[in-house]
Structure formats: structure tokens, C-alpha cells
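The values are calculated or read from the model by the stated rules, or taken from the named source; none is laboratory data. Quick caveat: nothing in here was measured; it's all calculated off a predicted structure. Virtual Cβ from ideal backbone geometry, glycine too; neighbours counted across all protein chains shown. The protein model used for the area step is the full one, side chains on, heavy atoms only, and it has no ligands, DNA or RNA in it. Shrake-Rupley method; radii C 1.70, N 1.55, O 1.52, S 1.80 Å.
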Amino acid sequence: MTDLSTSLLPVALRAATIAGDLVRTGGPGLLTAKGDRDMASEVDYAVERAVRDYLRERTPDIAVLGEEEGVSGDAGGDLLWAIDPVDGTANFVRGIPLCGFSLGLIHRGLQVVGVIDLPFLGTRYHAAQGLGAYEGDRRLRASSTTDLRDAVVAMGDFAVEEDAEAANRVRFALTERLAAGAQRVRMFGSSAIDLVWVADGKVDAAIMLSNKPWDTSAGAVIAREAGAVVTDRDGSPHTAGSSATIAAAPGLADAVAALIRETGGGTVRL
């Protein structure tokens, strides 16, 4: 798999360049409602289509899953690209620079290549299984924090779907416990940023009680290759099929897992 990761990482990096140029140079344009308090911009669709076209040309045998337009190609194969054209669309449409392009490669459910481009912050993160995680040429390491009282913890967005009230009860309980016990709690509004900042040691843990492969596949491999512990809500290793995405510095992983269990988020899918 290392050989495959090495050969496909340059493809993912080039796709990020295509996407980053479109995001930087185009305003959001018209917005399309996708459900309760969710939306996609014209740029979301333009980036996804441009990257799909590029991936179809370079890797025609690999299926593509995009947030906006679903799956194309043979979804039953061993490999799958997962695209989030603009992770953090709500930030993007308001001119908040915490948003970016995310592209992950999944092999039999496990994330093996990831590239995240944050065009308004001028940073690009990448990783491939067995090759480490990087921001540009700089090797990434998760933080060495071991005490939750010294930790900055990123929380994923609150749920907004039909059953949001029930889903958010655990999120509220978890946020309350973190507010009392962690150094700081942050909500950046982008799964990609949450995960790469765990990889970069900017935050010590990220907790998302949901999982969409386009949101998390790239960030999961980047965080894992930087030494973070990346799991599902029950503590099992994270995969594309997980129901939640928990990433933590190695010295905090047990404490974060215990907190999730104690607040009811460890077993119920929310």
C-alpha cells in the first residue's frame, strides 16, 4: 500500500491546486439549500466537478465520492476518492477564512492518502500511509499534552438535521464537561481544520460525533500519520464507515475516550 500511496499522493496534490485556485478566485455565488440550515455554494459545485474531471482523467479506475454529487465510477472497488470541495461552506459564504478543500483516498475502508488545502490561510497539509504527515515540507507531530486541563479541544458543529434536539443532548453534555475541565474549547466549523490542527499540535483533540467520509477521510490519515490517535466513538480504530471521528494527542486519548463514554456518546449513533 505504501507504493500505491506514494504514486497517488501527487495526483491528490495536483487536485488540491486546481481546487484552491477556484476557491480563492471565485465568490460563493448562488447558494443551494441542502436541508435544515445546510447549503452549498456555486463554488462547491464548480470545485467538485473540476476535481472529478481531473481524477477521472488521471485515475479512471478509481471511484469518486463527492459531497455534492455522490458517487461516480465503480463504488464496489477497493479504492475510493472522497472529496469535500469546500469544507466549512457556512464560513466561506460569510468571508470567514476557516474553510478548505479536502481530498482523501480510501482503500478498503481505511484512509491512506489525504490532502487538505486551506486557501485563505495559505497552508496545505498532506499525508500518505507510512510516509508521515506534512504542512508543505514541515513534518507534523501531534502535541505532547497529557493533562486535559492543559488541552485545547475542538468540537464539531452541533447537529442541525431533523433529530437535532436529541443528537445535541450528548454534544451539550460533552461541551459542558469540557468547559469545566479543559483549558479551552473551540468550534472552528470545519472538520478538515479540526483534524489537521490536531496533526499540527495547534489543538490537542478534536471531537466530531458524526462522520462523513468526504469531511474526514483526508484529515483522519493526516492526524494519524502525525501520531494522533484517531478512533470511532467506541474507541475502535477510525475508518470511513465509523459513526464518529475522535482525534487526540496520544497522551490525551484515554481521557477523551472516557469523557465521551461518561457523557453518553460512546455507544449511541448521533
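Of the beta bridges in the chain, as assigned by DSSP with both residues counted there, near 80 percent are antiparallel. Probing with 1.4 Å while keeping every protein chain in the model, the per residue accessible area of the chain equals 43 Å².
Applying 1/(1 + (r/R0)^6) with R0 = 35 Å to the Cβ-Cβ distance of D21 and S72, what FRET efficiency is obtained, to the nearest 0.05? Spell out each step's value before the answer.
Values: r = 22 Å, r/R0 = 0.64.
Efficiency computed from Cβ-Cβ geometry: 0.95.
Against the chain, whose longest principal axis is taken from its Cα atoms, helix 2-25 shows a tilt of about 90°.
State which stretch of the chain is the longest one without any exposed GluC sites (Glu not before Pro), exposure meaning a DSSP loop state and at most 13 other Cβ atoms within 10 Å. Result, exposed sites excluded: 1-160.
Please report, in whole Å³, the volume per residue of the convex hull around the C-alpha atoms of the chain. Intermediate values should be presented prior to the final figure.
Numbers: hull volume 30.9 nm³, N = 270.
It is 114 Å³ per residue.
The Cα center of the range 174-206 and the Cα center of the range 56-90 differ in position by 27 Å. At full extension, R56 and T146 could sit 28.0 nm farther apart than now, given 0.36 nm per residue minus the alpha carbon distance. Short-range pairs are left out: with C-alpha atoms under 8 Å and at least six residues apart, the relative contact order of the chain is 17 percent.
What does the net charge come to around A154 if you take all other residues with beta carbon closer than 10 Å to its beta carbon, with K and R at +1 and D and E at -1? Numbers along the way, then the final one.
Values: positive: R184, R186, K202; negative: D194, D204.
Result for the neighbourhood of A154: +1.
Hey, any idea what % of the chain's accessible area is carbon plus sulfur with a 1.4 Å probe? Walk me through the numbers before you get to the answer.
Values: 5740 of 11550 Å².
Carbon with sulfur: 50 percent of the solvent-accessible area.
Would you compute, from DSSP H runs of 4+ residues alone, the mean residue ellipticity of the chain at 222 nm, taking -39500 (n - 2.57) per run and dividing by the full residue count, rounded to the nearest 500?
Values: 7 runs with 96 residues, N = 270.
Theoretical 222 nm ellipticity from helices: -11500 deg cm²/dmol.
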